[in-house]
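The block underneath contains the structure these notes are about, expressed in structure tokens.
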Amino acid sequence: MRPVAVQHTRPVWAEVSSGALCANYRRLCAAAGPGIKVLAVVKANAYGHGATECAPVLFGAGARWFGVTAVEEGVTVRNALRAAGIADAEARILIMCGVWQHEAAACFDHALTPVVWEPYQLALLEEEAARRGVPPRSFAVHVEVDTGMARQGVAPGPALAVLLAALQASHHLQLEALMTHFASAEVVDDPQNREQQRRFEAALHQAHEADLTPALLHAGNTSGVDSAETAAWLPTLPSTLAALGRTAPQLMTRAGLALYGYALPLHQGAAEPVSHLAAIEPALVWKTRIVSLRDLGRGETVGYNATYVTARPMRVALLPVGYADGFRRALSSTNAVEGSAVLLHGRRAPIVGRVSMDLSVVDVSAIPEAAVGDAVTLLGRDGALAISAAEHARLAGTNVYEVLCGISDRVPRLIV
Ligand SMILES: *Cc1c(COP(=O)(O)O)cnc(C)c1O
């Protein structure tokens, strides 16, 4: 049976600019420098931008590594790349949060490369490899070193020794890469960054001493490229290995947020930090349309719990979007507290009252031409004005990551 395509008729959608995605990818590559590849992180549905839509576009811009959270996301991205005619060997997919029971088979079927740090993960993969009779040392894994986040990863020292021994004892697994992740990459010159680098260097030595020298090393994220700290440190690693008489490994960094046109503000003590990604541009514009208009008198209440009472006659527009779409409730206003706004006809229309699950109301008193059917921008640029995910994040007490990946599956993504 052919899958039935969902018809999107509801007037709520997100437009994702392939031009902006590609330009942002190229800016990341330029800022990372010539010796460093950039893995395109498309986890969490490409930070809300649509992984099946974005991954083939980023491949077109030159990305050859893609990062996802879990095997299920990896399968989705692999299927999207295959559907775009991209051979498995041309595009690598890194599963950044490990493998779990019953997921090893999909790693082989869909050519996924897992990050591992627990011996049980190696056992799951080795068992599946043996069942399939794959050639010796043909299945690549990346080992994550915990250099100071205490989340994923294996600490240098005895724990890493155990994992490396298990890798050596396996028949089918091959250590392709060592990698790590930084806790405070947006804080330039943070002593923790240097400490994490030092621990990674120790892990690299330890792997070398166990006669396992990875062909690839990767670390860092958007902020590490933005500050140039990771980009400056990675190229020092091959000389560490060269001193040990090894061939130079490939170097890579992993970036998500900047692909989509955002970066966290950098911090650098009293100094003014220099951003190496200042030119990136948001790729997503989230839109809806006015579905209803009404005129309210003075003293009328709007929305749940009547948190907003009109102080004057007001014309309001109804938008068919709410927090079930990821249009956050924290954008609501009361008479005392200003909320966020939307853009229409090149002006800001303030949100009045509570954003509810499926509906929001905005004040269009100052926009007399507003009519049913008019396009409204919820997030992103509209002419001279823009509403940044940073504005939503500030009101919601969170970061731009959570705002972007919170745009729910109910919102179709259109590549433009
Ligand atoms: C999400 C993630 C990244 C990308 O981080 P950004 O700040 O979005 O660039 C890099 N590495 C790992 C391991 C991640 O989980």
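A few notes on this one:
- Scan of the range 207-251 for residues that are in contact with a Lys or Arg (Cβ under 7 Å, 6 or more places away or on another chain) and under 30 Å from Gly380 (Cβ atoms), ordered by number: Gly220, Asn221
- Answer from Asp190, Asp211, Asp226 - the residue that is crowded, with 24+ Cβ neighbours inside 10 Å and not aromatic (Phe, Trp, Tyr): Asp226
- Residue-level check: of (1) out of contact with any Ser or Thr (no Cβ under 7 Å at 6 or more places or on another chain); (2) open to solvent by 30 Å² or more (accessible area, probe 1.4 Å), Trp233 misses just (2).
- Test: residue in the range 136-144 that is β-branched (Val, Ile, Thr) and crowded, with 21+ Cβ neighbours inside 10 Å: yes
- Checked across the range 258-274, the condition of being in contact (Cβ under 8 Å) with a residue 40 or more places away in the chain, open to solvent by 50 Å² or more (accessible area, probe 1.4 Å) and among the acidic types (Asp, Glu) holds for no residue.
- Where a residue in the range 96-121 is at positive phi and its partner, wherever it lies, is open to solvent by 40 Å² or more (accessible area, probe 1.4 Å) and away from the ligand (no atom under 16 Å from the Cβ), with Cβ under 6 Å and at least six apart: Ala111/Asp88
- Taking the numbered list (1) out of contact with any helix residue (DSSP H, G or I) (no Cβ under 6 Å at 6 or more places or on another chain); (2) under 27 Å from Met357 (Cβ atoms) in turn, Ala278 passes all entries but (2).
- Residue among Arg410, Arg354 that is in contact with a helix residue (DSSP H, G or I) (Cβ under 6 Å, 6 or more places away or on another chain), touching a residue at least 60 places away in the same chain (Cβ under 8 Å) and open to solvent by 30 Å² or more (accessible area, probe 1.4 Å): Arg410
- Evaluation of Ala255 against (1) away from the ligand (no atom under 14 Å from the Cβ); (2) under 20 Å from Met96 (Cβ atoms) (one fails), failing number: (1)
- Scanning the range 357-395 for residues that are loosely packed, with under 15 Cβ neighbours inside 10 Å, at pLDDT 95 or above and either assigned to a loop (DSSP other than H, G, I, E, B) or not assigned by TED's automatic domain parsing to the domain that holds Thr301 (or both) returns Met357, Ala366, Pro368, Glu369, Ala371, Val372, Gly373, Ala384.
- Qualifying residue in the range 16-24 (condition: of a type in the set (Val, Ile, Thr), under 17 Å from the mean Cα position of the chain (by Cα) and open to solvent by 20 Å² or more (accessible area, probe 1.4 Å)): no
- Output for the range 115-149, where each listed residue is in a loop (DSSP other than H, G, I, E, B), away from the ligand (no atom under 14 Å from the Cβ) and either over 23 Å from Glu209 (Cα atoms) or not polar (S, T, N, Q) (or both): Glu118, Gly133, Val134, Pro135, Pro136, Arg137
- Annotation: of all residues in the range 181-223 being hydroxyl-bearing (Ser, Thr, Tyr) and within 16 Å of the ligand (Cβ to nearest atom), the one that is modelled with the lowest pLDDT is Ser184.
- Close pairs from the range 279-293: first open to solvent by less than 50 Å² (accessible area, probe 1.4 Å), partner among the basic types (Lys, Arg) and not in a loop (DSSP other than H, G, I, E, B), Cβ under 6 Å, at least 6 apart: Ile280/Arg27
- Any hit, the range 10-24, residues being part of a loop (DSSP other than H, G, I, E, B), of a type outside the set (A, V, I, L, M, F, W, C) and at positive phi: no
- The helices (runs of 4 or more DSSP H) found wholly in the range 29-92 and carrying at least 2 residues that are within 16 Å of the ligand (Cβ to nearest atom) and free of Cβ contacts under 8 Å to residues at least 60 places away in the same chain occupy 51-60, 71-83.
- Residues (of a type in the set (Lys, Arg) and touching a Ser or Thr at 6+ places or on another chain (Cβ under 8 Å)) located in the range 16-73: Lys37, Lys43
- Count of residues meeting criterion [open to solvent by 20 Å² or more (accessible area, probe 1.4 Å) and over 23 Å from Arg381 (Cβ atoms)] in the range 31-59: 7
- Residue count for the range 93-113, restricted to those that are within 16 Å of the ligand (Cβ to nearest atom) and either more than 28 Å from Ala61 (Cβ to Cβ) or out of contact with any Leu (no Cβ under 7 Å at 6 or more places or on another chain) (or both): 5
The values are calculated or read from the model by the stated rules, or taken from the named source; none is laboratory data. A quick note: this is a predicted structure, and the numbers were derived from the prediction, not measured. Glycine gets a Cβ as well: all are built from the backbone with ideal geometry, and neighbour counts include every protein chain shown. These area figures cover heavy atoms from the full protein model, side chains too; ligands, DNA and RNA do not enter into them. Shrake-Rupley method; radii C 1.70, N 1.55, O 1.52, S 1.80 Å.
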